[in-house]
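One structure is given below, encoded as C-alpha cells.
The values are calculated or read from the model by the stated rules, or taken from the named source; none is laboratory data. Everything numeric here is computed off the predicted structure, so don't read it as measured data. Quick reminder, even Gly has a Cβ in these numbers, built from the backbone with ideal geometry, and neighbours come from all protein chains shown. Just the protein is used for accessible areas: all its heavy atoms, side chains included, with ligands, DNA and RNA removed. Shrake-Rupley method; radii C 1.70, N 1.55, O 1.52, S 1.80 Å.
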Amino acid sequence: MKKKIFTTLCFVLAVSYASAQKAPVKDKAVEKETAPKDDSKFLTGKKVTFTDNEFKKQIVAKYDLNRDGDIDQSEADKVSTIIIGNNNLKIRSAEDINLFRNVQSVVLDGSIILDIDLKNLDYLNLFSCVGCNLRTFKSENLKSLTDLYLNNNKDLQTIDVSALNKLMVLDIKDTQIKKLDVSQNPDLMTLNVSTNTLTEENIKRGKKAVSTAISSPSTSSSAPQRPPGN
C-alpha cells in the first residue's frame with residue numbers, strides 16, 4: 001500500500017515539475033509577441049520619400065547635411081527655411097513641402113507649380129509662390145501662417161483663406177480671383193488685389209478695417225513686400 005502511495009506521489013510531483021518548467025517559456029513567448037516595437041534607433045537614418053524629382057533635387061542640393069544624396073527625417077526636421085524659387089523650375093507638385101514639419105518660411109517664386117496643397121505645418125508663418133503658374137491653392141491646419149504671397153498667378157481663380165486665422169498679409173495681385181472672403185481672418189492687416197478684376201463689392205470683410213490695394217496698378221507701391229533672398 002505504501003509503495004502505491006509513494007508511486008502516486010512521485011507521478012504527481014513529476015507532472016507538476018514539468019508544468020512549472022514549461023510555463024515560463026510560454027510566458028516569454030507571449031511577451032515577445034505583444035511587446036511594442038522600438039524603432040527609435042532607426043528613425044535617424046530613415047529616408048523621406050519625395051513625389052517630385054525636381055523638388056528633391058533642389059532640396060538635396062541645399063539641405064543634405066551628410067552628403068549622401070538623400071534627405072533623412074532628422075535632416076528634414078532641421079529645415080526651417082526653404083528657398084528654391086526664381087529658376088523657372090518645373091516642380092509639378094509642392095506636396096513634398098509637407099515632409100518638412102518644422103519649416104517656418106517657404107519661397108518658391110518663379111517655379112512652375114500648377115497646384116499646391118499644404119497640410120499640418122504647425123510652424124509655417126510665411127509662404128510665397130509668386131509667378132508660379134498656379135491654378136489652385138489649398139491649405140489645411142496651417143495655424144501659424146501670417147504672410148501669404150500668391151501674386152502674378154494669372155490662372156488662379158479661387159482661394160479659400162477662411163481657416164488661416166493668423167493671416168496678416170495676403171497678396172493676390174494680378175490673378176483671376178473674382179470673389180474673396182476674409183471675414184474669418186481677424187488679424188488681416190494688408191490685402192493686395194490690385195490689377196485684378198476683383199471689386200470691393202466681391203470682397204467679404206470682417207469688422208476690422210484692412211489696408212487694401214485694389215483695382216489700380218498705381219497702388220502697387222503700397223503692396224506688401226516679399227522676403228529677400230530668392
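Here are a few things to note about the model shown:
- Residue list for the range 117-136, filter: among the aliphatic types (A, V, I, L, M), assigned to a loop (DSSP other than H, G, I, E, B) and under 12 Å from the mean Cα position of the chain (by Cα): Leu121, Leu124
- Any hit, the range 148-170, residues being within 21 Å of Ile112 (Cα to Cα), touching a residue at least 60 places away in the same chain (Cβ under 8 Å) and assigned to a strand (DSSP E or B): yes
- Residues of the range 137-156 that turn out to be surrounded by 14 or more Cβ atoms within 10 Å (Cβ to Cβ) and either under 16 Å from Leu108 (Cβ atoms) or over 17 Å from the mean Cα position of the chain (by Cα) (or both), as a count: 12
- Residues that are of a type in the set (D, E, K, R), open to solvent by 70 Å² or more (accessible area, probe 1.4 Å) and under 22 Å from the mean Cα position of the chain (by Cα), drawn from the range 157-197: Asp160, Lys166
- Test: residue in the range 105-119 that is open to solvent by less than 40 Å² (accessible area, probe 1.4 Å), in contact with a Leu (Cβ under 8 Å, 6 or more places away or on another chain), free of Cβ contacts under 8 Å to residues at least 60 places away in the same chain and farther than 16 Å from Leu150 by Cβ: no
- For the range 1-92, the helices (runs of 4 or more DSSP H) that sit wholly inside it and include 3 or more residues that are surrounded by 12 or more Cβ atoms within 10 Å (Cβ to Cβ) and at pLDDT 90 or above are 53-63, 73-78.
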